[in-house]
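First the structure, in the form of structure tokens, and then the observations on it.
The values are calculated or read from the model by the stated rules, or taken from the named source; none is laboratory data. Being a predicted model, the structure only gives us computed values, none of them experimental. Backbone-built Cβ (ideal geometry, glycine too); neighbour counts: all protein chains shown.
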Amino acid sequence: MPGEVVRLREAHLYRTAPGLFNKYGYASTSMRQICRAIGIRESSLYHYIRSKEDLLYHICERSMFLSLEAIEPIVQSNCRPELKLKKMIETHITTIAENSNEHSTMLKELRSLSASNQRKIIKLRDRYEALFRKVIADCVKEKVFRETNVKITTLALLGMMNWLIHWYSPDGPMKSEEIARIFSDLFLKRPRR
């Protein structure tokens, strides 16, 4: 039973802290605020984390692992490149929508990490970006896309999708799946001639 309580409190910490960081910013969120939000003493918090930066690092790492775990199976599938890219776009957007505080914290607060921790997260981010680059390159090779600079096209697509953290609301008029469909159509549908 005590181990289960620890796991539940830790899960509560990692659900609550990203929301606070997203709302107030990493620098403006105090450990005291985090403790009040999850209902523990400040001294107890250090049972779960070593420091505030340790907490931020694990939130960023979790965000990247959620993304990688969702996208890697699509890339490894036997689907045609354009179908892979469509599924990747839809998965990226729904993953952001379902975990908006974690992804928002990672995207906005990465610079708050120490240089060594930043490098670790950037390495994961580069691995993720490489998956999109590979599939976009395959789309060019299969003539689904016209010849293009694959790196810039990948950055444009990821930038467009990541901007979702600034305007998407689960209570808004459109669900994430609808937005994902619009984004994939924008990138993949050829105009009729």
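Quick notes
- Against the numbered list (1) among the basic types (K, R); (2) in a loop (DSSP other than H, G, I, E, B); (3) within 27 Å of G19 (Cβ to Cβ), K123 comes up short only at (2).
- Any helices (runs of 4 or more DSSP H) falling wholly within the range 1-100 and containing at least 2 residues that are in contact with a Ser or Thr (Cβ under 7 Å, 6 or more places away or on another chain): 2-24, 31-38, 52-76, 81-98
Yes/no matrix, rows are residues, columns are (1) charged (D, E, K, R); (2) touching a Leu at 6+ places or on another chain (Cβ under 9 Å); (3) closer than 21 Å to C79 by Cβ:
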site	(1), (2), (3)
N149	no, no, no
T154	no, no, yes
L157	no, yes, yes
L164	no, no, no
W167	no, no, no
G172	no, no, no
K175	yes, no, no
F183	no, yes, yes
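- Scanning the range 61-117 for residues that are closer than 19 Å to A27 by Cα, free of Cβ contacts under 8 Å to residues at least 12 places away in the same chain and of a type outside the set (K, R) gives A115, S116.
- Which numbered condition T94 fails, given (1) at pLDDT 95 or above; (2) more than 22 Å from L8 (Cβ to Cβ): (1)
- Within the set N162, N101, N149, N78, the sole residue that is of a type outside the set (G, A, S), crowded, with 18+ Cβ neighbours inside 10 Å and over 15 Å from L188 (Cα atoms) turns out to be N101.
- Considering only residues in the range 37-73 that are within 16 Å of the chain's Cα centre (by Cα) and of a type in the set (V, I, T), the one that is nearest to C139 (Cα to Cα) turns out to be I71.
- Restricted to the range 171-193, and to residues there that are assigned to a loop (DSSP other than H, G, I, E, B) and modelled with pLDDT of 85 or more, the residue that is surrounded by the fewest Cβ atoms within 10 Å (Cβ to Cβ) is D171.
- Put simply, of K86, K23, K108 the only residue that is within 24 Å of A130 (Cα to Cα) and either surrounded by fewer than 16 Cβ atoms within 10 Å (Cβ to Cβ) or in contact with a strand residue (DSSP E or B) (Cβ under 9 Å, 6 or more places away or on another chain) (or both) is K108.
- Selection of the range 134-170 for residues being free of Cβ contacts under 8 Å to residues at least 40 places away in the same chain, of a type in the set (V, I, T) and in a helix (DSSP H, G or I) yields V140, V150, I152, T153, T154.
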